[in-house]
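Down below is the structure, laid out as structure tokens.
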Amino acid sequence: MTQTLGDYLNQHTNKLPDELMELDAQVLLAHVLERPRTWLLAHLDAPLSAPMLESANQAFSRLEAGEPLPYILGHWEFFGRDFDITPDVLIPRPETELLVEKAIKWLSANPLKRSVADIGTGSGIIAASIAMNVPDAKILATDISPAALKVAQKNSIKFNVQDRIRFVQCNLLPQEVDSNIDLLCANLPYIPTQTMQELPIYGREPTLALDGGEDGLDLYRSLLEIAPRWLSQRSLMLFEIEASQGMKALSLAYDKLSNATINLHKDLAGHNRLLEIRLHPS
């Protein structure tokens, strides 16, 4: 007897881990069918062909084994765009949109400030989102992972902003960078090592992009040591941080910088998420 799409969904939704919802199953099956989810929900009585059944079984086996849905799909939405991703990069999260919003707002208010650096670019979501919304921005995007940079470059081509983003493989900033960066953005690994090992994402997303050292701020310490020498006057730094790091991040920034206005911003969930540092002329 041929199985319907609705029967298949009901069967496999019951097998999913508790943290996964029925929506995940619908999105995945729609992906296998190469149809919108709305089409799937309107055709639950349609039969599932043998080739589609085989493809669906392979995809659902990965989901039921704990592989994150975005990696199976190969793409995920961020800031209104559909970015390509692989297991070499973090899954884009809505919390990071706060950083992008602040960056675009500042650049729009400062039309003479157009040199941007995106440190730890990962899949390139920050660099590409800024480039799409501020067409005359010139962006340096760095990452220590060559595999991540390949994903970021692919996304820059996908959104036709590759001519405005320079990709460099390095740890934080390259040695040859010009000292005229107006806006420096960073979403670096910020989860404390011990905390990371207790999280569900441990082993499912790249540890290199998660582990921020003992207190989660190791890379930000290093960046604050070297970044000021590359920044222009009246420049801005935006750092995404882990929710519990607010006061520690503030204290770190005040310790490292004497000529700056420093603020914390909360995300939509009310968690400390963004450290904003405005540098003043010495």
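Evaluate the following for Gly66: is it part of a loop (DSSP other than H, G, I, E, B) and modelled with pLDDT under 95? If you could, list the steps in order and put the result at the bottom.
On the way: part of a loop (DSSP other than H, G, I, E, B): yes; modelled with pLDDT under 95: yes.
Spelling it out, Gly66 is indeed part of a loop (DSSP other than H, G, I, E, B) and modelled with pLDDT under 95.
Could you tell me which numbered condition Phe60 fails, if it satisfies all but one of (1) at pLDDT below 95; (2) surrounded by fewer than 19 Cβ atoms within 10 Å (Cβ to Cβ)?
For Phe60, the failing item is (2).
Is there any pair with a first residue in region 2-29 that is more than 17 Å from Glu67 (Cβ to Cβ) and surrounded by 13 or more Cβ atoms within 10 Å (Cβ to Cβ) and a second that is at pLDDT 90 or above and acidic (Asp, Glu) whose Cβ atoms are under 7 Å apart and which are 6 or more apart or on different chains, and what are they?
Thr4/Asp45; Gly6/Asp45
Looking at region 241-260, can you tell me whether even one residue there is in contact (Cβ under 8 Å) with a residue 12 or more places away in the chain, in contact with a His (Cβ under 7 Å, 6 or more places away or on another chain) and exposed (fewer than 13 other Cβ atoms within 10 Å of the Cβ)?
Yes: region 241-260 contains one or more residues that are in contact (Cβ under 8 Å) with a residue 12 or more places away in the chain, in contact with a His (Cβ under 7 Å, 6 or more places away or on another chain) and exposed (fewer than 13 other Cβ atoms within 10 Å of the Cβ).
Can you tell me which of (1) within 22 Å of Pro94 (Cα to Cα); (2) in a loop (DSSP other than H, G, I, E, B); (3) without any contact (Cβ under 8 Å) to a residue 60 or more places away in the chain is the one Pro135 doesn't meet?
Looking at each condition in turn, Pro135 falls short on (1).
Just checking, does region 123-132 include any residue being in contact with a Cys (Cβ under 6 Å, 6 or more places away or on another chain), assigned to a helix (DSSP H, G or I) and not hydroxyl-bearing (Ser, Thr, Tyr)?
Scanning region 123-132 turns up at least one residue that is in contact with a Cys (Cβ under 6 Å, 6 or more places away or on another chain), assigned to a helix (DSSP H, G or I) and not hydroxyl-bearing (Ser, Thr, Tyr).
Hey, can you tell me all the residues within region 69-85 that are crowded, with 18+ Cβ neighbours inside 10 Å and assigned to a loop (DSSP other than H, G, I, E, B)?
Phe79, Ile85
Can you tell me which residues in region 174-203 are more than 24 Å from Leu274 (Cβ to Cβ) and small (Gly, Ala, Ser)?
Ser179, Gly203
How many of the residues in region 145-194 are of a type in the set (Val, Ile, Thr) and in a helix (DSSP H, G or I)?
Total satisfying the criteria: 3.
Here are some residues: Glu97, Glu77, Glu34. Which one is in the same structural domain as Val134 (by TED's automatic domain parsing) and either farther than 20 Å from Leu199 by Cα or at pLDDT 95 or above (or both)?
Glu97
Keeping to region 41-53, report how many residues are under 30 Å from Pro92 (Cβ atoms) and either of a type in the set (Val, Ile, Thr) or not in a loop (DSSP other than H, G, I, E, B) (or both).
Total meeting the criteria: 3.
Going by what's in this entry, would Thr38 be described as in a loop (DSSP other than H, G, I, E, B) and β-branched (Val, Ile, Thr)?
no
Quick one: count up the residues across region 202-219 that are of a type outside the set (Asp, Glu) and either in contact (Cβ under 8 Å) with a residue 40 or more places away in the chain or not assigned by TED's automatic domain parsing to the domain that holds Val134 (or both).
Residues meeting the conditions: 6.
In the list Phe79, Phe60, which residue meets the criterion of being more than 20 Å from Asn155 (Cα to Cα) and either among the aromatic types (Phe, Trp, Tyr) or in contact (Cβ under 8 Å) with a residue 60 or more places away in the chain (or both)?
Result: Phe60 is the single residue among Phe79, Phe60 that is more than 20 Å from Asn155 (Cα to Cα) and either among the aromatic types (Phe, Trp, Tyr) or in contact (Cβ under 8 Å) with a residue 60 or more places away in the chain (or both).
When you check Ser232 against the structure, is it assigned to a strand (DSSP E or B), surrounded by fewer than 20 Cβ atoms within 10 Å (Cβ to Cβ) and out of contact with any His (no Cβ under 7 Å at 6 or more places or on another chain), yes or no?
For Ser232, the condition - assigned to a strand (DSSP E or B), surrounded by fewer than 20 Cβ atoms within 10 Å (Cβ to Cβ) and out of contact with any His (no Cβ under 7 Å at 6 or more places or on another chain) - is met.
Give Ser251, Ser244 a once-over and let me know the one that is at pLDDT below 90, in a helix (DSSP H, G or I) and either outside the structural domain of Gln175 (by TED's automatic domain parsing) or under 22 Å from Leu98 (Cα atoms) (or both).
Exactly one of Ser251, Ser244 is at pLDDT below 90, in a helix (DSSP H, G or I) and either outside the structural domain of Gln175 (by TED's automatic domain parsing) or under 22 Å from Leu98 (Cα atoms) (or both), namely Ser244.
The values are calculated or read from the model by the stated rules, or taken from the named source; none is laboratory data. Predicted model, so just to flag it, every value in this text is computed and none were measured. With ideal geometry, Cβ positions are generated from the backbone for all residues, glycine too; neighbour counts draw on all protein chains shown.
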